[in-house]
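Peer 1: One structure follows; several queries about it will come next.
The values are calculated or read from the model by the stated rules, or taken from the named source; none is laboratory data. Being a predicted model, the structure only gives us computed values, none of them experimental. Cβ: placed from backbone, ideal geometry, glycine included. Neighbour counts: every protein chain shown. The accessibility values were calculated without ligands, DNA or RNA, using every heavy atom of the protein model including side chains. Shrake-Rupley method; radii C 1.70, N 1.55, O 1.52, S 1.80 Å.
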Amino acid sequence: MGVYADVSTTPVSIPKSIPKRHKPLFPQYIHGRATGISFNPKTLPLFPSFRNSFSTKSKNEKNFNCKSTFSSDSDDGFSSTPSINDDDFVVVNFYRFVYIENPEEEVAKQLLFLQGFDIHGRIYINEQGINAQFSGPVKDSLRYVDWLKKDPKFSEIFVQISPSSDNSHAFPKLRLRYKPSLVQYEGGISHLPILESSMRAIPLTPNEWREKLLGNLNDFDRKIVLLDVRNGYEWDIGHFNGAKRPQVDSFRTTSFGLSESESSTANVDVVDDPLSGVDKEKTEVLMYCTGGIRCDVYSTILRQRGYKNLYTLKGGVSNYLQKEGSDGWIGNLFVFDSRLSLPPSAYNPEASANGVDPQPDNDAFARCYICGLQRLNDLWHRNCANLGCNMLILSCNNCVEEFKGCCCSDCMSAPRIRPVLPGPQRYKKWHIYRDAELQKDSIARDYPGHSAAIAI
């Protein structure tokens with residue numbers, strides 16, 4: 001007997017487990033910056049505010065027009081405000097769990113539609129749905145979203161939009177392909193019942209989430225666990241007040257909710273697990289992550305382990321900051337693109353004024369990874385300057401200078417050391433720094449006594 005996908009159209013019978021593909025037919029496709037797509041501002045929304053988060057509906061859908069924008073000022077996500085340039089760059093995120101009978105065909109269809117679009121990012125598709133993070137100019141990004149949501153499978157995708165740094169791409173290129181797992185988790189997720197909405201946690205709107213958190217502060221009889229389903233380094237620059245730091249550096253190895261015997265077998269310390277010893281029948285588990293997909297996936301695992309009262313923050317932290325401001329949130333939000341870290345004000349210009357407790361709730365928050373003494377004011381990670389390491393680190397100015405951008409003394413003596421980046425940036429390809437250094441050496445030999453400034 002099959003189960004049914006959680007979609008707004010007629011249910012389709014699907015198998016309980018998704019068969020694994022040996023090799024995708026479309027492993028990768030890369031678009032350049034080709035243009036030539038005609039754009040009619042009367043049919044697509046342009047918006048000046050990047051506090052954007054909207055749920056598209058298959059019924060009573062609002063028509064796009066040049067006076068409409070996406071913001072938090074109205075219930076349906078629209079408000080009338082002046083438009084910005086349609087060539088301004090934005091970053092778009094969405095995912096949707098829905099059964100796709102022929103994902104390779106879906107990949108081919110989307111690749112065909114995106115020919116000539118200036119979109120860079122990661123768009124993964126398989127039998128369980130779609131997971132997308134990409135950047136591009138407003139006209140291309142929203143035209144793709146508008147086209148996609150006309151498909152009944154994707155009509156209710158929850159799309160979030162944020163500003164791009166320096167009005168440029170946040171990703172180096174576009175990868176639109178079939179991927180066996182929409183998120184990376186040990187053993188994959190194709191066997192998990194994520195298409196069954198009853199097996200996933202109950203989504204809470206940002207307002208409902210805030211009320212539960214604040215209500216818990218005044219109700220000591222309620223049993224609530226706040227679960228950060230991200231990586232430890234994400235927590236280090238921002239988290240909800242009271243959330244315990246996850247002791248993992250990759251979602252792949254997340255292991256909350258294990259029994260004592262399972263923890264022993266997996267070599268996991270139960271002391272680090274916020275769910276250790278809780279009553280699975282009565283305890284309310286409030287899960288959150290950046291955009292929601294990791295919580296949705298992991299909630300099915302916790303459901304299988306017997307946890308009854310599971311809740312997730314709809315749209316993740318980014319949606320909360322946009323709708324509720326920084327109330328209850330400490331620090332910045334880590335993002336997996338070239339921007340690295342975003343303050344609450346990037347989602348809501350008034351967010352910084354709304355925070356009820358901006359002070360760190362834990363001594364480990366924003367600490368320099370190297371000396372452990374300094375608490376950083378600039379909440380962003382840098383990659384270790386050693387190409388062979390490349391670890392994400394928080395480093396105070398003193399340690400950056402002393403260790404030349406590396407994470408330790410061992411990395412300082414590595415053969416491929418990149419220059420120290422002055423701000424929140426991602427390193428470029430190694431050959432760029434290598435060639436610049438060779439050019440600098442060449443100029444020094446040919447013109448002794450003259451310094452050479454090489455632009456990278």
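Peer 1: Can you tell me which residue in the stretch 97-130 is nearest to E196 (Cα to Cα), limited to those that are polar (S, T, N, Q) and open to solvent by 10 Å² or more (accessible area, probe 1.4 Å)? Let's see the steps before the verdict.
Peer 2: First, pick out the residues of the stretch 97-130 that are polar (S, T, N, Q): 102, 110, 115, 126, 128.
Restricting the remaining residues to those that are open to solvent by 10 Å² or more (accessible area, probe 1.4 Å) gives 102, 115.
Values: N102: 19, Q115: 34 Å.
Filtering the stretch 97-130 for residues that are polar (S, T, N, Q) and open to solvent by 10 Å² or more (accessible area, probe 1.4 Å), the one nearest to E196 (Cα to Cα) comes out as N102.
Peer 1: Follow-up. Just one of S250, S197, S261 is under 17 Å from C289 (Cα atoms) and either at pLDDT 90 or above or open to solvent by 20 Å² or more (accessible area, probe 1.4 Å) (or both); which is it?
Peer 2: Working: S197 fails: under 17 Å from C289 (Cα atoms); S261 fails: under 17 Å from C289 (Cα atoms).
Residue meeting the stated conditions: S250.
Peer 1: Taking only the stretch 390-407 into account, find how many residues are in contact (Cβ under 8 Å) with a residue 40 or more places away in the chain, more than 11 Å from C371 (Cβ to Cβ) and either open to solvent by 60 Å² or more (accessible area, probe 1.4 Å) or in contact with an Asp or Glu (Cβ under 8 Å, 6 or more places away or on another chain) (or both).
Peer 2: 0
Peer 1: Same structure, new question: For the stretch 133-146, which positions are surrounded by 23 or more Cβ atoms within 10 Å (Cβ to Cβ) and among the aliphatic types (A, V, I, L, M)?
Peer 2: Residues satisfying the conditions are V138, L142.
Peer 1: Out of L148, L111, I need the residue that is more than 20 Å from H169 (Cα to Cα) and either at pLDDT below 95 or of a type in the set (A, V, I, L, M) (or both). Which one? Show your work before the answer.
Peer 2: Working: L111 fails: more than 20 Å from H169 (Cα to Cα).
The conditions single out L148.
Peer 1: Something else: With the structure loaded, tell me whether A243 is open to solvent by less than 50 Å² (accessible area, probe 1.4 Å), small (G, A, S), farther than 17 Å from N93 by Cβ and not in a strand (DSSP E or B) or whether it fails that test.
Peer 2: In short, yes.
Peer 1: Being within 22 Å of D86 (Cα to Cα) and assigned to a loop (DSSP other than H, G, I, E, B) is the filter here, so list the residues in the stretch 151-166 that pass it. Steps first, answer last, please.
Peer 2: Going residue by residue through the stretch 151-166, those that are within 22 Å of D86 (Cα to Cα) are 158-166.
Hit for the stretch 151-166 is S164, nothing else.
Peer 1: Let me ask something else. Tell me which residues, restricted to the stretch 149-177, are surrounded by fewer than 21 Cβ atoms within 10 Å (Cβ to Cβ), farther than 28 Å from S345 by Cα and not charged (D, E, K, R).
Peer 2: Matches in the stretch 149-177: P152, S155.
Peer 1: Next up: Checking the structure you have, find out if any residue of the stretch 108-126 is of a type in the set (A, V, I, L, M), in contact with a Phe, Trp or Tyr (Cβ under 6 Å, 6 or more places away or on another chain) and assigned to a loop (DSSP other than H, G, I, E, B).
Peer 2: Yes, the stretch 108-126 contains at least one residue that is of a type in the set (A, V, I, L, M), in contact with a Phe, Trp or Tyr (Cβ under 6 Å, 6 or more places away or on another chain) and assigned to a loop (DSSP other than H, G, I, E, B).
Peer 1: If you don't mind, another one. With in a loop (DSSP other than H, G, I, E, B) and at pLDDT below 95 as the only criterion, which of G372, G405 stands out?
Peer 2: On the way: G405 fails: at pLDDT below 95.
So the residue among G372, G405 that is in a loop (DSSP other than H, G, I, E, B) and at pLDDT below 95 is G372.
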